[in-house]
Amino acid sequence: MRSHYCGDLRKEHIGEEITLTGWVHRRRDHGGVIFLDVRDRQGIAQVVFDPEREESFAIANSVRSEFVIEVKGLVRHRPDGTVNSDMPTGEIEVLGLELNILNKAETPPFPLDDHQKVGEDVRLRHRYIDLRRPEMQEKLRFRSKVSNAIRNYLDDNGFLDIETPILNRATPEGARDFLVPSRTHEGAFFALPQSPQLFKQLLMVSGFDRYYQIAKCFRDEDLRADRQPEFTQIDIETSFMNEEEIMGMTETMIRKLFLELKGVDLGDFPRMPYSEAMQRFGSDKPDLRFAMELVDVADLMAEIEFKVFAGPAKDPKGRVAALKVPGGAKLTRKNIDDYTKFVSIYGAKGLAWIKVNEIEKGVEGLQSPIIKFLGNDVTMAIMERLGAENGDLVFFGADKEKIVSEALGALRIKVGEDLEMSQCEWAPLWVVDFPMFEETSDGGLTALHHPFTAPSCTAEELKADPLSALSRAYDMVLNGCELGGGSIRIHNQEMQAQVLEILGISDEEADDKFGFLLNALKYGAPPHGGLAFGLDRLIMLMTGTDSIREVIAFPKTQSASCMMTNAPGEVSAAQLRELNIKLRKTP
């Protein structure tokens with residue numbers, strides 16, 4: 001029906017008779033001349049209807065916003081003084097010759113102008129309307145370009161796009177599975193994949209040495225701005241490449257992506273060991289746009305009488321750290337109280353602070369309710385270690401190491417954003433040398449990544465001291481956001497058995513859950529590894545949005561529901577009987 005997209009018209013089309021189809025974005029009546037801004041996925045074109053063409057003018061007079069129309073017209077220059085340099089089509093307009101209404105529309109539930117503020121619940125309930133907005137169309141077009149560029153890069157580097165199953169067995173991936181009851185196997189359940197991890201390893205055993213997939217994955221976990229119950233993963237696995245080669249290849253892919261689609265050169269990605277990231281920034285995904293760092297001061301606090309600090313300072317599993325905020329002394333007591341509430345989310349019981357007013361006056365130039373507990377010598381020793389200057393504010397954390405690192409690490413980002421302390425727009429890095437395991441609250445061990453990650457030591461060394469063992473894992477981080485994570489996998493059955501034993505997974509349980517992988521490792525499994533990127537998160541960062549819901553066509557809410565379709569929904573008693581399921585009502 002159409003000859004051109006609205007947004008593709010330019011001055012080189014002047015003099016051509018064209019046909020446009022789309023939606024009426026806006027209708028304006030200026031002194032007897034009617035202007036219709038016609039919109040399609042490529043943009044907006046201005047169409048003018050002259051009263052001398054009575055039939056088309058009368059139809060134009062009757063249309064309203066969001067009517068679907070077909071227009072035949074002549075492309076011409078806009079009159080002097082009416083050129084709109086803010087629009088790609090702003091140099092031309094279309095003289096409407098014929099107009100056909102393809103479908104009428106009721107008044108939409110909200111205006112489609114970019115500047116209009118509409119509640120997210122309304123937008124999600126009418127997502128098909130929300131997606132008409134130029135801003136949303138641009139994001140999804142950009143998403144398509146990113147996916148296409150990634151496919152092209154991987155295709156050019158010899159990777160094969162291979163699909164893996166959606167209906168799987170439940171496996172220990174670190175989050176709750178979405179379960180699907182089987183009608184044909186009474187009492188049995190499929191699990192939707194949290195990732196294609198086991199299947200892509202099996203593909204390596206099968207000899208497909210370079211695999212990729214843009215895969216749907218599912219995790220039944222609590223949601224936040226950068227999480228969804230179903231998400232899209234750029235999944236990559238390759239054989240006969242070590243971690244340096246895999247990191248180099250995927251870093252090149254991301255740098256190429258930013259350069260081609262954003263005009264941004266990210267430069268070489270620095271490497272940082274996990275231990276350093278936690279020590280300096282309190283996070284395994286540090287945001288290097290902010291220069292502030294956590295500084296340990298436990299050695300200075302260990303002998304004071306104030307147990308709030310001395311206790312964690314003497315505890316081998318405790319931590320006492322300080323965070324210097326340059327210029328932070330301007331923060332009010334209310335600001336500090338708000339930050340105290342913020343760190344409580346991470347388990348912190350409080351937030352001690354010192355304002356530096358006149359450092360040259362010693363403790364007399366400092367302001368804080370805790371100085372009397374620290375003593376003058378300890379206080380000034382802390383100031384010296386931090387390099388405190390006039391106008392600074394120092395926050396303190398004292399508790400178990402995990403709590404202090406997470407609380408001050410998160411506070412560092414929040415204060416940095418609130419005070420606009422970013423030193424650059426993009427700050428990528430690789431975090432490497434992760435521990436193989438971490439302790440659980442009950443004293444057990446769990447895999448920091450997943451139980452198929454290879455250690456960087458021998459099986460004997462791993463068994464002797466599992467908590468000291470490092471893994472061959474690596475995470476790509478950008479602006480404090482984990483873009484992707486991966487590792488070299490275990491390709492030796494004995495090593496895999498050792499890891500499972502350390503995790504307390506019995507031979508019977510291992511055989512039941514993923515015996516197929518263990519068996520496959522017996523038959524000449526090659527050294528292999530890979531990496532998976534979160535596509536939704538990548539697009540969110542590249543488009544500068546705050547939520548991945550903004551870059552997914554039909555997202556779920558934070559309660560994992562769809563406001564448009566009212567999913568999840570109830571099913572009939574007959575369907576439940578077929579699945580041999582009986583619902584238990586909560587009292």
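The values are calculated or read from the model by the stated rules, or taken from the named source; none is laboratory data. This structure is a prediction, so every number in the text was calculated from the model and none was measured. Here the Cβ is made from the backbone with ideal geometry for all residues, glycine too, and neighbour counts use every protein chain on show.
Can you tell me how many residues within region 224-259 are of a type in the set (F, W, Y) and more than 16 Å from I150 (Cβ to Cβ)?
Number satisfying all stated conditions: 1.
Out of all the residues in region 477-490, which are of a type outside the set (S, T, N, Q), in a loop (DSSP other than H, G, I, E, B) and in contact (Cβ under 8 Å) with a residue 40 or more places away in the chain?
Residue satisfying the conditions is G480 alone.
Conditions (1) touching a residue at least 40 places away in the same chain (Cβ under 8 Å); (2) in contact with a helix residue (DSSP H, G or I) (Cβ under 8 Å, 6 or more places away or on another chain); (3) among the hydrophobic types (A, V, I, L, M, F, W, C); (4) part of a helix (DSSP H, G or I), marked per residue:
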{"position": "V431", "(1), (2), (3), (4)": "yes, yes, yes, no"}
{"position": "G443", "(1), (2), (3), (4)": "no, no, no, no"}
{"position": "P451", "(1), (2), (3), (4)": "yes, yes, no, no"}
{"position": "E461", "(1), (2), (3), (4)": "no, no, no, yes"}
{"position": "D475", "(1), (2), (3), (4)": "yes, no, no, no"}
{"position": "E509", "(1), (2), (3), (4)": "no, no, no, yes"}
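Being part of a loop (DSSP other than H, G, I, E, B), without any contact (Cβ under 8 Å) to a residue 12 or more places away in the chain and among the β-branched types (V, I, T) narrows it down to one of T107, T164, T89, T184, so name that one.
None of the other options fit; the residue is T184.
Can you report the number of residues in region 261-275 which are over 20 Å from the mean Cα position of the chain (by Cα) and either in a loop (DSSP other than H, G, I, E, B) or closer than 14 Å to A149 by Cβ (or both)?
5
Taking region 63-86, which residues are without any contact (Cβ under 8 Å) to a residue 12 or more places away in the chain and within 16 Å of I34 (Cα to Cα)?
Those that are without any contact (Cβ under 8 Å) to a residue 12 or more places away in the chain and within 16 Å of I34 (Cα to Cα): P79, T82.
Out of everything in region 501-544 that is over 25 Å from L445 (Cβ atoms) and among the aromatic types (F, W, Y), what residue ends up being surrounded by the most Cβ atoms within 10 Å (Cβ to Cβ)?
F533
Residue check: is P326 exposed (fewer than 15 other Cβ atoms within 10 Å of the Cβ) and either at negative phi or touching a Pro at 6+ places or on another chain (Cβ under 7 Å) (or both)?
So P326 does not fit the description; no.
Would it be correct to say that K355 is closer than 21 Å to F281 by Cβ and in the same structural domain as I382 (by TED's automatic domain parsing)?
No: the conditions fail for K355.
Which of (1) in contact with a helix residue (DSSP H, G or I) (Cβ under 8 Å, 6 or more places away or on another chain); (2) touching a residue at least 40 places away in the same chain (Cβ under 8 Å) does P326 not meet, given it meets every other one?
If we test P326 against (1) in contact with a helix residue (DSSP H, G or I) (Cβ under 8 Å, 6 or more places away or on another chain); (2) touching a residue at least 40 places away in the same chain (Cβ under 8 Å), just (1) comes out false.
Taking region 7-35 on its own, how many of its residues are small (G, A, S) and under 26 Å from E135 (Cβ atoms)?
The number of residues fulfilling the criteria is 2.
Residues of region 9-19 being touching a residue at least 60 places away in the same chain (Cβ under 8 Å) and either buried (at least 16 other Cβ atoms within 10 Å of the Cβ) or not aliphatic (A, V, I, L, M) (or both), which ones?
Within region 9-19, L9, R10, K11, H13, G15, E17, I18 meet the criteria.
Within region 56-70, track down each residue that is of a type in the set (D, E) and closer than 16 Å to R133 by Cα.
E66
Pairs please, first residue from region 532-556 and hydroxyl-bearing (S, T, Y), second anywhere and assigned to a loop (DSSP other than H, G, I, E, B), Cβ atoms under 7 Å, 6+ apart in sequence or on different chains.
S547/A225
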